[in-house]
1. GNM on the chain, C-alpha springs below 10 Å: top fluctuator among 248, 275, 311?
2. For the chain, take the longest principal axis of its alpha carbons; what is the angle in degrees between that and the long axis of helix 135-145, to the nearest 10 within 0 to 90?
3. Fewest Cβ neighbours within 10 Å first, please rank 217, 143 accordingly.
4. Taking a ≥ b ≥ c as the square roots of the Cα gyration tensor eigenvalues, with a/c under 1.5 meaning rounded and otherwise prolate when a/b beats b/c, else oblate, which class fits the range 110-193?
5. For the range 63-109, what size does the Cα cloud have along each of its three principal axes, sorted from largest down, in whole Å?
6. Using a 7 Å offset from the Cα along the Cα-to-Cβ direction at both residue 339 and residue 265, what is the distance between the two label points in nm, to one decimal?
7. Which shape class applies to the range 158-310: rounded if a/c is under 1.5, otherwise prolate when a/b exceeds b/c and oblate if not, where a ≥ b ≥ c are the square roots of the Cα gyration tensor eigenvalues?
8. If you find the alpha carbon centre of the range 219-283 and of the range 1-78, how far apart are they in angstrom?
Ligand SMILES: NC(=O)c1ccc[n+]([C@@H]2O[C@H](COP(=O)([O-])OP(=O)(O)OC[C@H]3O[C@@H](n4cnc5c(N)ncnc54)[C@H](O)[C@@H]3O)[C@@H](O)[C@H]2O)c1
C-alpha cells in the first residue's frame, strides 16, 4: 500500500458516476475530480455516485483537469466512438493508469493509436470489460488455468434481449470469450440476425445507444491455440448473458448471477456436478463491480501487476467484431485475423 493515496479523476459523468463511486470506495485512492462537457451531468453525479455534493472538483475540459490536478489514474467513460482522444491525451499527459470504458474504440486506427500512446508512455491501462473483474468469471478462469477441465477446447456463449448489439454490449461477451481463450483470434465467421443482412462493413452505432443500428450476430471464432468459440446473439430473445467453457474433462457454465462446474475423472467421460465451484455473480450496485477493477489498477500502477483486461485484448475484441461485419458482407465467409491496416 502506498503512503499517499493515488489521485483519481473521471472523464464522463454518466456511467462515470459508477467509476467515481469505485474510486471513492477503494482505500488506495482519493477521488479528486470529475469532468463532463455537460454541467447537467456534473450536477447529477453526486447522487448517482453516492458522493457528498461538491466533495470533488468538477471540470468541463479534461485538459484543464489534467493541468490543475495531479492525477495518477483516470477513467475514460465518454461514448464508445470518443475514447481514443482522452485516452491518448491522458497517456501523453503522464497519467500513470487509465481505466477506459468498453469497447476499446470502434475502429482499428483509434485502437492502434491508443496502444501506441500507452506503450510509448509506459502507461498502465485496463478496459472495462467488466466481467474480467467479476468473481464468478475470475474463478472460472482460474479453474481453467489450473487444468481442472483438462485444458480448453470449446466455448459456447449467449447474449440475448433487445440489447443484443454486437458492438455496444456484444463487446462484453466477445471479450469474455477472449478472456478464457487466452490466445490470439485466428479467424471469424459471422451470420447476422435477420434484418441486418446488408449492414455493411462499418459500425454505424455512434454513441452506442440505438439497438437498430447494431446487429446481433452468430459468430464462430477460432483461436491460434485451437480453442473454437460460438456466440449466439439475437434480439427477440430473453435478456441474458451466459458462457460455457468446455475442456476434455469438464465444463463451467457462468452467467451474471453465478456459475456451475461439472467434472469427469477421465477425458471425454461423463460429467458430474461439482458443488465445490460456487461463486457469486455481479454485486447489486454496478459501482461495486468496478471496485476490484480500480483496485487492480492501483496494483498495476504501484507494483507492476498485470491487467485482467488489457487494451491488446480489447483490440482483438474489436478486430473480431469488425471481422464479423466483413464476414457477413462477403457472404458469411471466414475472415482471417489480424485485419489488414490502411
Ligand atoms: N461496462 C459497462 O457495463 C457499461 C455500461 C454502460 C455504458 N458503458 C460504456 O460507458 C461509456 C459511456 O456510456 P454512457 O451510456 O454513460 O454514455 P452517455 O452518452 O450517456 O454519457 C457520456 C458522457 O460523456 C460526456 N462527454 C462526451 N465527450 C466528453 C469529453 N470530451 N469530455 C468530457 N465529457 C465528455 C457527455 O457529455 C456525457 O455526459 C460508453 O463507452 C459505454 O459503452 C459501459
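1. It is 275.
2. 50 degrees
3. 143, 217
4. Since a/c reaches 1.5 but b/c is at least a/b, the shape of the range 110-193 is classed as oblate.
5. The Cα atoms of the range 63-109 stretch 30, 16, 15 Å along the principal axes, largest first.
6. Between residue 339 and residue 265, the label points sit 5.0 nm apart.
7. On the way: a/c = 1.58, a/b = 1.20, b/c = 1.32.
Oblate.
8. 36 Å
Any read-out appearing in this document is the output of simple, stated calculations on the displayed coordinates, not a laboratory observation. Remember, predicted model here, so these are calculated numbers, not experimental data. Methodologically, a virtual Cβ is constructed for each residue, glycine included, from the backbone with ideal geometry; neighbour enumeration extends over all protein chains shown.
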